[in-house]
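Below: the structure, in structure tokens.
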Amino acid sequence: MRGSRFVDSLDDGRTVWHEGKQISRVAEHPAFKGTLSTIKLLFDMLDDPQRRDLVGYAVPEREHYAHSAFLVPYTHQELAKRSLAFSTWSAETFGMMSRLSDYARSIVTGWYAARGELSALDPHFASKIAAYYEEARDRDLFLTTAIIDPQIDRSSGLDDPRIAERFLHVVKETTEGIVVRGAKMIATGAPYAHDFVISSFLQFQDNHRDHAHVLIVPANSPGLHIVCRESFADDRRQNHPLSAKYDEMDAVLFFDDVLVPWERVLLHGDSSKVLALRANKTVNGLAFHQNVVRFVAKLEFVTGLAFAVAEAIGAAGFLHIQEKLGELLTQIDVIKALMFAAEAKAVPDPSGVLVPELSYIESARSLGTKYYPRAIEILQQVGAGGFVQTPSGVEDFYGPISGLMHRYFEGAGVSAEKKVGLFKLAWDLIGSPLGARHLLYERFYAGDPVRGLANHYNRYDKTSLTEPIWKLLKTNSRGETAPA
Ligand SMILES: Cc1cc2nc3c(=O)[nH]c(=O)nc-3n(C[C@H](O)[C@H](O)[C@H](O)COP(=O)(O)OP(=O)(O)OC[C@H]3O[C@@H](n4cnc5c(N)ncnc54)[C@H](O)[C@@H]3O)c2cc1C
């Protein structure tokens, strides 16, 4: 089964650091064990004849069932197949695992799909990305992205040598490839990814050519250090059902003179080309589509939890609780409507690839940064003190105070044990370190939300909205048309 193959493949000499120690076997470490067992089951779906069509497709002329993130959509049916794969994995993980590689795989698929157009940026781009796309698809490679430069001093730029030497840059070119040095933050899922999709984000001046790049870097490259944050994994499943299974680790990457072979250097040395690649609509439409589909699953999960909590304490009948639960339903409807609209209004790119409408997708991603914190706030308001009115463990249900436990933790039409389980699940989402990380994630995973909305405005064809205003003003109060 490919889940086991995936886990075994991580024993590849990568350098992963956690709590000051280098981890020799990622798969056996308590920080990753639970999460990897979740990913293993997801990968195995592709080998299950009953379920593989939910997440995969038969690759023509290959005896291989690949994840549908690799499917290039030319028809609405193929776009729906991609959407189904994203929603299936998201539903399995309640939207809690955002970087199951289907996002980064979609970036690679987008580059491959648009390779004809993107050849204008570099004549070797098409052949390099075609070879890599096929390899990633056929070997089920787990990919993640690391785009952002380390947060050192945001008031300073590359003219400051302290910044320039720390942001990822080329130090040497050889016949084999380029040697890069510097750091990247943040790479979610890094300790168990096969390859990193690395790019730069800033608008560089020409004198900073060495900082402009788009690379695919194997996780086991010599000199590459994967430096993990504190683990939020917790194997006490009854207390922390989410942390036990879904802590997708975040890491910073240190590149201590890492050789990236030429075939994995997609672009380098020209910031305008790097930015043109980043702005490509085919790539962004296919990749960001996954973000929105996954987010629907997350909102449905929070909403389901809020409903259950309200029912379990007999609060569902109160008007202000109903108003808040109704607000959660509105959130789901808005994001779903934007997702459906993006799919329905998908238009073919120059090579016929059907690309979800980016404007709707961007709107959904921007709204998500506000919706999720509000959804968590509502959940807190619904359950109130109940989240801390839970015992430290469930053992007391079987000990000397068992009778009292069943009496005093009982809910409204729900047993004490069930109610405690529900509130522990909800607390794992709103109050645990994993929950806090999720709040941060939803605010920032799509980039800085402030600059995201500003970019939406800047890219928008504003004349379609301003033209009617100027037209209206051409008519003065006496109904006469004023001169232009
Ligand atoms: C949990 C988590 C997981 C993530 N996973 C990934 C991942 O897998 N891959 C990946 O590539 N990225 C990932 N990210 C990174 C994410 O893309 C960045 O956090 C995001 O782009 C914001 O950048 P920053 O964190 O460097 O914030 P900063 O840019 O440092 O911003 C800090 C604050 O300063 C403000 N600010 C900074 N500069 C400016 C400016 N020039 N103009 C106006 N305001 C400014 C911002 O608005 C913000 O309020 C992840 C982030 C989180 C929180």
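Taking the conditions exactly as written (surrounded by fewer than 23 Cβ atoms within 10 Å (Cβ to Cβ) and outside any helix (DSSP H, G or I)), does THR88 satisfy them or not? Criteria not met by THR88.
Residue-by-condition table, conditions (1) within 16 Å of the ligand (Cβ to nearest atom); (2) surrounded by fewer than 19 Cβ atoms within 10 Å (Cβ to Cβ); (3) over 23 Å from the mean Cα position of the chain (by Cα):
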| position | (1), (2), (3) |
| --- | --- |
| SER200 | yes, no, no |
| GLY223 | no, yes, yes |
| CYS228 | yes, no, no |
| ASN239 | no, no, yes |
| HIS268 | no, no, yes |
| SER272 | no, yes, yes |
| ASN284 | yes, no, no |
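So that you can scan it fast, the table gives a plain yes or no per residue for (1) under 15 Å from ARG278 (Cα atoms); (2) in contact (Cβ under 8 Å) with a residue 12 or more places away in the chain:
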site	(1), (2)
PHE86	no, yes
TRP89	no, yes
TRP111	yes, yes
SER119	yes, no
ASP122	yes, yes
LYS128	no, yes
GLN151	no, yes
ASP160	no, no
GLU165	no, yes
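The residue pairs whose first member lies in segment 428-447 and is without any contact (Cβ under 8 Å) to a residue 12 or more places away in the chain and among the acidic types (Asp, Glu), whose second member is in a loop (DSSP other than H, G, I, E, B) and within 7 Å of the ligand (Cβ to nearest atom), and whose beta carbons are closer than 6 Å, counting only pairs six or more residues apart or on different chains, do not exist in this structure.
Inspection of segment 115-125 identifies no residue that is within 16 Å of the ligand (Cβ to nearest atom) and among the aromatic types (Phe, Trp, Tyr). Any residue at all in segment 406-421 that's more than 16 Å from the ligand (Cβ to nearest atom) and at pLDDT below 95? Checked against the condition, which is being more than 16 Å from the ligand (Cβ to nearest atom) and at pLDDT below 95, segment 406-421 yields at least one hit.
Only helices (runs of 4 or more DSSP H) wholly contained in segment 382-465 count here; list those with 2 or more residues that are out of contact with any Cys (no Cβ under 7 Å at 6 or more places or on another chain) and closer than 30 Å to ASP149 by Cβ.
Ranges flagged: 433-444, 449-459.
Listed by position, the strands (runs of 3 or more DSSP E) contained in segment 1-84 that have at least 2 residues being touching a strand residue (DSSP E or B) at 6+ places or on another chain (Cβ under 8 Å), crowded, with 17+ Cβ neighbours inside 10 Å and outside the structural domain of PRO356 (by TED's automatic domain parsing) are 15-18, 56-58, 65-67. Filter segment 171-196 for residues that are more than 16 Å from the chain's Cα centre (by Cα), assigned to a strand (DSSP E or B) and more than 9 Å from the ligand (Cβ to nearest atom) and give the result. Of everything in segment 171-196, those that are more than 16 Å from the chain's Cα centre (by Cα), assigned to a strand (DSSP E or B) and more than 9 Å from the ligand (Cβ to nearest atom) turn out to be VAL171, LYS172, GLU173, GLY177, ILE178, VAL179, VAL180, ARG181, GLY182, ALA183.
On the basis of being assigned to a helix (DSSP H, G or I), within 16 Å of the ligand (Cβ to nearest atom) and not assigned by TED's automatic domain parsing to the domain that holds LEU79, does TYR360 make the cut?
Details: assigned to a helix (DSSP H, G or I): yes; within 16 Å of the ligand (Cβ to nearest atom): no; not assigned by TED's automatic domain parsing to the domain that holds LEU79: yes.
No; evaluated as a whole, the condition is false for this residue.
If the condition is being in contact with a helix residue (DSSP H, G or I) (Cβ under 9 Å, 6 or more places away or on another chain), within 14 Å of the ligand (Cβ to nearest atom) and either part of a strand (DSSP E or B) or at pLDDT 95 or above (or both), then segment 154-169 contributes PHE167, LEU168. Here ILE107 clears all of (1) within 16 Å of the ligand (Cβ to nearest atom); (2) part of a loop (DSSP other than H, G, I, E, B) except the condition numbered (2). Per the conditions (1) without any contact (Cβ under 8 Å) to a residue 60 or more places away in the chain; (2) over 19 Å from the mean Cα position of the chain (by Cα); (3) in a loop (DSSP other than H, G, I, E, B), the sole criterion not satisfied by LEU141 is (2). Scanning segment 422-472 for residues that are under 30 Å from CYS228 (Cα atoms), surrounded by fewer than 17 Cβ atoms within 10 Å (Cβ to Cβ) and away from the ligand (no atom under 16 Å from the Cβ) yields a count of 1.
The values are calculated or read from the model by the stated rules, or taken from the named source; none is laboratory data. Computed from a prediction, not measured in an experiment: that's the story for all the values here. FYI the Cβ positions are ideal-geometry reconstructions off the backbone, even for glycines, and counts take in every protein chain you see.
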